[in-house]
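Here is the structure we will look at.
The values are calculated or read from the model by the stated rules, or taken from the named source; none is laboratory data. Treat the numbers as computed from the prediction; the structure is a model and nothing was measured. A quick note on method: Cβ atoms are made from the backbone with ideal geometry, for glycine too, and the neighbour counts reach across all protein chains shown.
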Amino acid sequence: MTTVRTILAIAASQSWHLYQMDVKNVFLHGDLQKDIYMKFPSGMTTSPQDVCKLRRPLYGLKQAPRAWFDKFCSTLLIQRFTQSQYDSSFFFHKSASGIILLLVYMDDIILTGTDSGLITRLHQLLHATFHMKDLGQLAYFLGLEVYHRPKGIFLNQHKYTQDIITLAGLADTSSIATPMEVNVKYRKDEEDLLDDPTLYRRLVGSLIYFTTIRPDISYVVHQVSQFMSCPRHLHLAAVRRIIHYLQGSPTRGLFFAIGSSLQLVAYSDGDWVGCPDTCRSTTGWYMFLGDALISWKCKIQDRVSKSSNEAEYRAMSIACSKIMWLRGLLEELEFPQTNSTPLHVDNTNAIQIATDPIFHELTRHIVVDFHSIHNTLERRVISLPYISSDLQVVDVFTKAMTQHHYNFLVGKLLLVDLPTSI
């Protein structure tokens with residue numbers, strides 16, 4: 001999804017047209033590399049020993065997705081497209097007349113770029129090779145509703161929001177200002193187990209996908225998703241509170257403005273001992289491409305940090321890896337980051353450790369993360385400006401907070417409700 005948001009942000013910034021295509025009966029287009037036989041379906045009058053040899057993959061066959069993608073990939077490579085080394089589902093073609101970007105997810109395709117002639121020829125080629133449906137201007141992709149406005153592109157999941165509210169049975173209830181109570185830490189052994197966890201799992205699964213354009217609920221969804229195996233009544237109440245919060249902003253989403261700069265800016269933070277059950281810390285980071293929010297993460301660290309400095313440092317290390325990936329992707333698209341990417345951190349000790357080439361006894365346990373960040377800093381790929389904790393928006397991804405402070409920080413993420421005229 002980071003690639004999807006990045007492509008949409010670039011297309012909006014450069015005022016490129018976005019097209020969408022759909023492949024009919026996608027798995028039937030693949031070529032099988034091995035002989036595969038199957039029994040006849042029940043009800044057909046054949047002898048017990050008869051089998052049929054497949055000429056094409058069928059839905060349900062394990063080889064079907066790979067066979068289809070290999071066929072699609074080879075078709076594009078013959079046309080001198082290049083497969084991205086940073087995302088295998090992303091292809092591009094550069095020529096003297098412009099650039100074409102193509103992103104495929106199963107049977108859904110996004111197409112954009114500056115070479116209108118090549119886009120037309122590519123449409124014709126795909127129609128001739130596969131059974132395609134031309135859907136025109138991009139409007140709906142992987143559950144994302146795309147609105148084209150004079151000032152940019154707006155993304156939300158309004159229909160998906162209403163479906164979640166209906167599934168939870170909360171259609172006629174009131175909304176809440178924040179998705180999580182302040183100073184609340186959910187534990188795995190609190191209160192009684194749910195008699196039937198099916199609804200809980202369906203709701204949390206839906207909310208996890210909903211975070212693809214709603215970073216403001218990433219932290220609390222990350223919290224409730226830890227109890228999928230044995231949810232309790234308190235955890236279900238937390239899920240319902242999230243849905244009450246969504247009721248107050250059903251059309252909220254991301255906005256990618258026309259003419260926005262394409263300079264990458266990052267923020268990271270760590271909440272020490274964020275998990276009361278494991279004492280592990282929580283990592284949070286997010287990244288802007290100009291004014292467009294394209295990537296974010298909220299995750300419990302994979303091991304216990306011995307200090308808040310270490311927790312912050314591990315968060316910086318993960319964010320640094322994502323910065324390297326995004327810079328590589330943007331360079332492929334001919335939008336190289338000529339300046340170092342600022343990674344804003346609110347911990348001066350972590351910044352000092354990153355710039356100090358001499359290891360001390362208290363920092364030897366973070367040696368791997370140190371070398372990862374220090375080497376990147378020395379090569380001027382990133383810089384580490386300090387940001388005040390009061391302005392650190394990544395706190396939205398690492399902890400619950402009061403309504404006033406929460407609304408202030410969420411406003412910095414540039415999440416907006418779908419306006420009638422932009």
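Quick rundown of the values:
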| item | result |
| --- | --- |
| Strands (runs of 3 or more DSSP E) within region 42-127 that include 1 or more residues surrounded by 15 or more Cβ atoms within 10 Å (Cβ to Cβ) | 90-95, 98-105, 108-113 |
| Every pair of residues 6+ apart whose Cβ atoms lie under 8 Å, when the first sits in region 36-62 and is at negative phi and modelled with pLDDT of 85 or more while the second is in a loop (DSSP other than H, G, I, E, B) and exposed (fewer than 10 other Cβ atoms within 10 Å of the Cβ) | 53/35 |
| Some residue of region 143-159 being surrounded by 13 or more Cβ atoms within 10 Å (Cβ to Cβ), assigned to a loop (DSSP other than H, G, I, E, B) and small (Gly, Ala, Ser) | yes |
| Filter result for residue 331 (of a type outside the set (Phe, Trp, Tyr), part of a helix (DSSP H, G or I), under 23 Å from the mean Cα position of the chain (by Cα) and farther than 30 Å from residue 112 by Cα) | no |
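Yes/no per residue for (1) on the phi < 0 side of the Ramachandran plot; (2) at pLDDT 85 or above:
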position	(1), (2)
9	yes, yes
13	yes, yes
26	yes, no
70	yes, yes
83	yes, yes
92	yes, yes
98	no, yes
102	yes, yes
